[in-house]
Amino acid sequence: MRKPRRRPVAGLTALVTVVASAAIAVLPTAPAQASPLRSTPIITYNMLGATSGQDSKWTTTVGNYIQGAEIVTLQEAGPTAPGRFQGTIPVPGLPQVGRAGYIQHHRWAHRFADYEVYFLQTDRMGGRYVGGRNNVAVVTQRTPDQVTAVPSPIADGRAALGVRFGDDWYFTFHARPTSRNNPSNESDVMLARIAAFVNQVPGRSWTVGADFNNEPGNFALPPGAHAYATGLPTHEGRRELDYGAPSHATVGVIVRTTRSTR
């Protein structure tokens with residue numbers, strides 16, 4: 001299979017948030033000098049499960065997104081990853097039950113290219129940690145320099161899954177639900193843990209594309225971090241729950257919305 005020609009490099013050019021099977025929020029290209037969101041298009045997508053009727057969303061939707069973005073971060077990715085199994089990456093601190101203790105690596109042939117799929121079992125499935133819908137994944141056009149997961153300190157929380165290209169980390173994360181009676185979740189705690197992990201090496205940055213299950217501004221961000229959102233609902237409950245958060249704010253980022261067929 002022919003690999004895509006472009007390689008992810010430092011920063012983020014475009015962040016596209018695809019949520020509730022319909023709404024998409026887009027941050028188009030920022031100026032090349034606007035560090036750290038410089039040059040790596042990203043899409044973050046809550047799949048709401050891997051299928052729609054008889055169709056695979058991996059084929060009908062994710063495959064289209066990864067052709068247009070260097071990195072696609074996924075939530076509610078379904079029970080398994082597509083493609084040929086390549087191996088596992090054990091991560092200390094993850095639940096050592098079922099498939100939860102390691103990252104699964106698959107190589108996915110879609111149309112005229114191969115893509116790397118990193119999949120993490122975060123659905124508890126009654127304590128078995130096998131299958132289910134609430135798992136996360138990251139799809140990349142190229143093989144990253146490093147892959148890891150940041151465990152959750154919350155008993156029923158989900159780990160964040162990340163890939164590194166050069167000095168830049170890109171994570172997917174799916175926080176626990178919030179409601180009027182339970183307005184907070186672990187989003188602030190997990191962003192702080194991601195920041196602490198990345199900051200172990202000076203000069204590195206991070207970007208999280210996630211379903212935070214909480215509106216921007218409702219929880220604390222690590223120092224210097226910024227939330228990029230559309231200001232429009234991304235959830236059928238008319239709440240904005242899905243967006244991006246990089247470690248540093250960037251000048252020149254524009255936000256818009258569009259629609260998805262799935």
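The values are calculated or read from the model by the stated rules, or taken from the named source; none is laboratory data. Predicted model, so just to flag it, every value in this text is computed and none were measured. Reconstructed Cβ throughout: ideal geometry from the backbone, glycine too, with neighbour counts over all protein chains shown.
Is it the case, given these coordinates, that residue 157 is under 15 Å from the mean Cα position of the chain (by Cα) and either farther than 30 Å from residue 97 by Cβ or outside any strand (DSSP E or B) (or both)?
Working: under 15 Å from the mean Cα position of the chain (by Cα): no; either farther than 30 Å from residue 97 by Cβ or outside any strand (DSSP E or B) (or both): yes.
Considered against the rule, which asks whether it is under 15 Å from the mean Cα position of the chain (by Cα) and either farther than 30 Å from residue 97 by Cβ or outside any strand (DSSP E or B) (or both), residue 157 comes out as no.
Anything in region 166-181 that is assigned to a loop (DSSP other than H, G, I, E, B) and β-branched (Val, Ile, Thr)? List them, or say none.
Taking region 166-181 and keeping what is assigned to a loop (DSSP other than H, G, I, E, B), we get 166-167, 175-181.
Within region 166-181, just 178 meets the criteria.
If the requirement is being out of contact with any Leu (no Cβ under 9 Å at 6 or more places or on another chain) and on the phi > 0 side of the Ramachandran plot, which of these qualifies: 132, 157?
132
For (1) surrounded by 23 or more Cβ atoms within 10 Å (Cβ to Cβ); (2) under 25 Å from residue 120 (Cα atoms); (3) at pLDDT below 85; (4) of a type in the set (D, E, K, R), each residue gets a yes or a no:
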position	(1), (2), (3), (4)
180	no, no, yes, yes
199	no, yes, no, no
251	no, no, yes, no
254	no, no, yes, no
259	no, no, yes, yes
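Can you confirm whether residue 159 is out of contact with any His (no Cβ under 8 Å at 6 or more places or on another chain), modelled with pLDDT of 95 or more and either surrounded by fewer than 19 Cβ atoms within 10 Å (Cβ to Cβ) or not polar (S, T, N, Q) (or both)?
So residue 159 fits the description; yes.
Suppose we keep only residues that are in a strand (DSSP E or B) and touching a Gly at 6+ places or on another chain (Cβ under 7 Å) within region 94-137. Which one would you say is surrounded by the fewest Cβ atoms within 10 Å (Cβ to Cβ)?
By that ranking, first place goes to 109.
Examine region 3-13 for a residue that is of a type in the set (S, T, N, Q), crowded, with 16+ Cβ neighbours inside 10 Å and either modelled with pLDDT of 85 or more or in a strand (DSSP E or B) (or both), and state whether such a residue exists. Spell out the reasoning first.
Taking region 3-13 first, the residues of a type in the set (S, T, N, Q) are 13.
Now drop any that are not crowded, with 16+ Cβ neighbours inside 10 Å, which leaves 13.
In the following step, the residues that additionally are either modelled with pLDDT of 85 or more or in a strand (DSSP E or B) (or both) were identified as none.
Checked region 3-13: no residue is of a type in the set (S, T, N, Q), crowded, with 16+ Cβ neighbours inside 10 Å and either modelled with pLDDT of 85 or more or in a strand (DSSP E or B) (or both).
Among the residues of region 214-238, which ones are within 25 Å of residue 40 (Cβ to Cβ), touching a Pro at 6+ places or on another chain (Cβ under 9 Å) and without any contact (Cβ under 8 Å) to a residue 60 or more places away in the chain?
Of everything in region 214-238, those that are within 25 Å of residue 40 (Cβ to Cβ), touching a Pro at 6+ places or on another chain (Cβ under 9 Å) and without any contact (Cβ under 8 Å) to a residue 60 or more places away in the chain turn out to be 225, 226, 227, 231.
Which ones in region 62-92 are in contact (Cβ under 8 Å) with a residue 24 or more places away in the chain, within 17 Å of the chain's Cα centre (by Cα) and surrounded by fewer than 21 Cβ atoms within 10 Å (Cβ to Cβ)?
Within region 62-92, 63, 67, 68, 79, 80 qualify.
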